[in-house]
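The values are calculated or read from the model by the stated rules, or taken from the named source; none is laboratory data. In this text the structure is predicted, and so the values were computed from the model without any measurement. FYI the Cβ positions are ideal-geometry reconstructions off the backbone, even for glycines, and counts take in every protein chain you see.
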Amino acid sequence: MPGENVRAYLRSHHERILNLLTDFAAIPSVSTDPAHADDMRRAAQWVADRLATAGPLSVRVMETPHNPIIYAEWLGALGKPTVLVYGHYDVQPPDPLEKWDTPPFSPTVRDGRLYARGVSDDKGPVLIPMMVAEAFFAVDGALPLNIKFLIEGEEEIGSPSLDPFIAAHKELLAADLVLSADGAMWRPTEPSLTVASRGLAGLNLTLTAAAKDLHSGRHGGSVANPLQAMAQLIASLHHADGRIAVAGFYDRVRELSDAERAAIAAIPFDDAEYLAQIGAPPGHGEQGYTLLERQWTRPTLELNGLWGGYQGPGQKTVIPCEAHAKITCRLVPDQDPDEIVAVITRHLEAHQPPGTRLTIAPGDHGTPAAHIATDHPALAAASAALQAVYGETPLVVRMGATVPIMELFNRHMGIDTVYFSFSTSDEDYHAPNEFFRVNRLHEGLEAWARYWELLGEAHA
């Protein structure tokens, strides 16, 4: 059977591949922390070395203003499609360290799970296609299609170098399809394919009053308290029913069609089970929409941080001179990140409490929402590969989170992206005790091998 020898090779190397993932995950490649600059270099070189070892790939370490992009290619499949494989080698900070059961950069296998920071997002998933390339080269001496790899080191800080990199290297990156090893399947109980992701916009704001902290007894009642004012300002952003109170926020939001709502309603999902899993009580959310509709298809405005004043033990009777907040929004199709920042800014300025000064700065990056047509041929091939591995047809789902690459590659190069990650949404990425299921590593190896075969056969 075509491809069976490749899959047998991968099965025979399961332990070695798990050991390689352990080595990769031990590198503390935290992109947001300058203290880990050397670790970022080490992780980039690890990826470059792994690709060079996989077979006759042409590998390049390409500099950016921040962290290197690793590019590799093999274009020996005449007449076959070219696929660009995307992933990232950077990880989130591990804090709070005291919440980890084992050290975040000492990968540990427990109960069929490998625990480490970044092992699910994205080191496990991105290692999979590298090892599949090795398997094809080792068994067949060639790949079933043309492959390009783009592995970046800035995804966890918003990929600031990726947009200009793609714009400047369109010819180098030219492909028929992007396959993303980043992303995640919806849940571990069945396979899924993600066809849409929400966009992102953010703001940082500061309220000040007096020029310095003041004694609350001597000055209380005569000057504004920025913390109280900030609470008042933040509360103005939502109505009591959960709807966002910012004028113009919903202007570009398209309502779901009856068919779209029916498709979402048909997906097996238990609200109560979900809320119990995350430890949240019911009763919150924009009225008129189901929980899944709110997560996947409605825009949000969330307060991510709120701070100021004394936070040590006991009391300090002080009126702080400033308060701070961080806001991010998840966006849906047609919403523009810059427009959203502008309408929120106007709202905040209009509702600024008296006796305060307001400073607003946009977040580090904005990303529009993105999607792929549900009847795209590459999705059909992905579905067939997953069905061969799991014995069931994958669910077609959407992503509430933001993965900028789908929009970037479509805008700059007009090509679509298929998310083909074998992480699942419960693996605590971005949180303490992140893990990657060992069985998902092996299932992913088989599925990527089958997917490449199917894509190659479609152009036979």
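Mind listing just one residue for me: the one in region 252-291 that is among the acidic types (Asp, Glu) and touching a residue at least 12 places away in the same chain (Cβ under 8 Å) and, of those, nearest to residue 330 (Cα to Cα)?
Narrowing region 252-291 to residues among the acidic types (Asp, Glu): 255, 258, 260, 270-271, 273, 286.
Right, trim to touching a residue at least 12 places away in the same chain (Cβ under 8 Å) and you get 260, 271, 286.
Working: 260: 19, 271: 21, 286: 14 Å.
Within region 252-291, the match that is nearest to residue 330 (Cα to Cα) is 286.
If you check residue 122 against the conditions, is it of a type in the set (D, E, K, R), buried (at least 21 other Cβ atoms within 10 Å of the Cβ) and either in contact with a Ser or Thr (Cβ under 9 Å, 6 or more places away or on another chain) or closer than 26 Å to residue 333 by Cα (or both)? Quick ask: steps written out before the conclusion?
On the way: of a type in the set (D, E, K, R): yes; buried (at least 21 other Cβ atoms within 10 Å of the Cβ): yes; either in contact with a Ser or Thr (Cβ under 9 Å, 6 or more places away or on another chain) or closer than 26 Å to residue 333 by Cα (or both): yes.
Yes; evaluated as a whole, the condition is true for this residue.
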Exercise for review: Output the residue which, of all residues in region 290-310 that are under 24 Å from the mean Cα position of the chain (by Cα) and of a type in the set (Ser, Thr, Tyr), is surrounded by the most Cβ atoms within 10 Å (Cβ to Cβ).
Suggested key: 297
Check your understanding: So is residue 313 touching a strand residue (DSSP E or B) at 6+ places or on another chain (Cβ under 9 Å) and in the same structural domain as residue 216 (by TED's automatic domain parsing) or not?
Key -> no
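Given the condition among the acidic types (Asp, Glu) and in contact with a helix residue (DSSP H, G or I) (Cβ under 8 Å, 6 or more places away or on another chain), answer yes or no: does some residue in region 372-391 qualify? Don't jump to the end; show me each part of the working.
Initially, region 372-391 is screened for residues among the acidic types (Asp, Glu), giving 375.
After this cut, where a residue has to be in contact with a helix residue (DSSP H, G or I) (Cβ under 8 Å, 6 or more places away or on another chain) as well, the list is none.
No: zero hits.
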Check your understanding: Would region 109-121 turn up any residue that is under 20 Å from residue 418 (Cα atoms) and assigned by TED's automatic domain parsing to the domain that holds residue 75?
Key -> yes
Check your understanding: Restricting attention to region 412-427, does a residue exist that is over 21 Å from residue 292 (Cβ atoms) and of a type in the set (S, T, N, Q)?
Key -> yes
Revision key, fill the gap. Expected output for region 1-26 (first residue within 23 Å of residue 453 (Cβ to Cβ), partner buried (at least 19 other Cβ atoms within 10 Å of the Cβ) and aromatic (Phe, Trp, Tyr), Cβ below 8 Å, 6+ apart or cross-chain) is 6/136
Point to revise | Hey, residue 187 crowded, with 23+ Cβ neighbours inside 10 Å, touching a residue at least 24 places away in the same chain (Cβ under 8 Å) and of a type in the set (Lys, Arg) or not | key: no
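Looking at this structure, is residue 78 over 30 Å from residue 140 (Cβ atoms) and surrounded by fewer than 17 Cβ atoms within 10 Å (Cβ to Cβ)?
Working: over 30 Å from residue 140 (Cβ atoms): no; surrounded by fewer than 17 Cβ atoms within 10 Å (Cβ to Cβ): yes.
Here the answer is no, as residue 78 does not meet what is asked.
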Exercise for review: Being among the hydrophobic types (A, V, I, L, M, F, W, C) and surrounded by fewer than 22 Cβ atoms within 10 Å (Cβ to Cβ) is the filter; apply it to region 154-172 and report the residue that is modelled with the lowest pLDDT.
Suggested key: 157
Review point. Just wondering, is there one or more residues in region 16-27 that are among the basic types (Lys, Arg) and loosely packed, with under 13 Cβ neighbours inside 10 Å?
Key: yes
Check your understanding: Quick check: is even one residue across region 322-345 loosely packed, with under 14 Cβ neighbours inside 10 Å, under 30 Å from residue 272 (Cα atoms) and not charged (D, E, K, R)?
Key -> no
**Study point:** Scan of region 137-153 for residues that are among the β-branched types (Val, Ile, Thr) and either surrounded by fewer than 23 Cβ atoms within 10 Å (Cβ to Cβ) or out of contact with any strand residue (DSSP E or B) (no Cβ under 8 Å at 6 or more places or on another chain) (or both), ordered by number
**Key:** 139
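For region 349-379, what are the residues that are of a type in the set (A, V, I, L, M), in a strand (DSSP E or B) and at pLDDT below 95? Steps first, answer last, please.
Narrowing region 349-379 to residues of a type in the set (A, V, I, L, M): 350, 358, 360-361, 369-370, 372-373, 378-379.
Narrowing further to those that are in a strand (DSSP E or B): 358, 360-361, 370.
Passing the criteria: 361, 370.
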Point to revise | Residues of region 114-167 satisfying the condition of being part of a helix (DSSP H, G or I) and of a type in the set (D, E, K, R) | key: 121, 122, 123, 134, 140, 155, 156, 163
Practice item. Taking only region 264-281 into account, find how many residues are at pLDDT 90 or above and either in contact with a Cys (Cβ under 7 Å, 6 or more places away or on another chain) or surrounded by 11 or more Cβ atoms within 10 Å (Cβ to Cβ) (or both). Key: 7
Check your understanding: When you look at residue 224, is it within 26 Å of residue 158 (Cα to Cα), touching a Leu at 6+ places or on another chain (Cβ under 9 Å) and either loosely packed, with under 15 Cβ neighbours inside 10 Å or touching a residue at least 60 places away in the same chain (Cβ under 8 Å) (or both), yes or no?
Key -> no
